[in-house]
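The values are calculated or read from the model by the stated rules, or taken from the named source; none is laboratory data. Values in this document were obtained by computation on a predicted structure and should not be read as measured data. Here the Cβ positions follow ideal geometry from the backbone for every residue, glycine too, while neighbour counts run over all protein chains shown. Surface areas here come from the heavy atoms of the whole protein model, side chains and all, with no ligands, DNA or RNA. Shrake-Rupley method; radii C 1.70, N 1.55, O 1.52, S 1.80 Å.
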Amino acid sequence: MTNPHLTLLRERLGALNALELDIQDDSHLHAGHAGNKGGASHFTATIVAECFANKPMIAQHRLVYDLVRDLIPHPIHALALSTRAPSKGNT
C-alpha cells in the first residue's frame, strides 16, 4: 500500500520538472518517534533538476521546501534532501 503522503509529495515536487526524482519513505524507521505520532511521515528525496543549475545547495533546498512548506510538520514530519543540477554529475 502506497503512503498517501508519498503520493502528495511526488505531486508537489513534480513542479521541479526533475530529470531524476527518487523518494524513499523512511517512516517505518521512525515508528514510536514523537514526530511519527498522528501518522506524520519521514522521507529522503534525491532530486536532479535543471532548475538547480548555478544555485548553491541552500538555494536548491529552498526551492524544494517552498513547494512543501504547508505539509511540514504534518503530514510530513521530516524530509532529507540530496539535490543537484544535471550538469554536476553524480556526487
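Taking each residue of region 40-65 that is farther than 21 Å from residue 78 by Cβ and among the charged types (D, E, K, R) and looking for partners that are open to solvent by 80 Å² or more (accessible area, probe 1.4 Å) and part of a helix (DSSP H, G or I) with beta-carbon atoms closer than 9 Å, six or more apart or interchain, yields 50/87; 55/62. Applying the condition of being among the hydroxyl-bearing types (Ser, Thr, Tyr) and part of a helix (DSSP H, G or I) to region 42-91 and asking which residue is most open to solvent (accessible area, probe 1.4 Å) yields 87.
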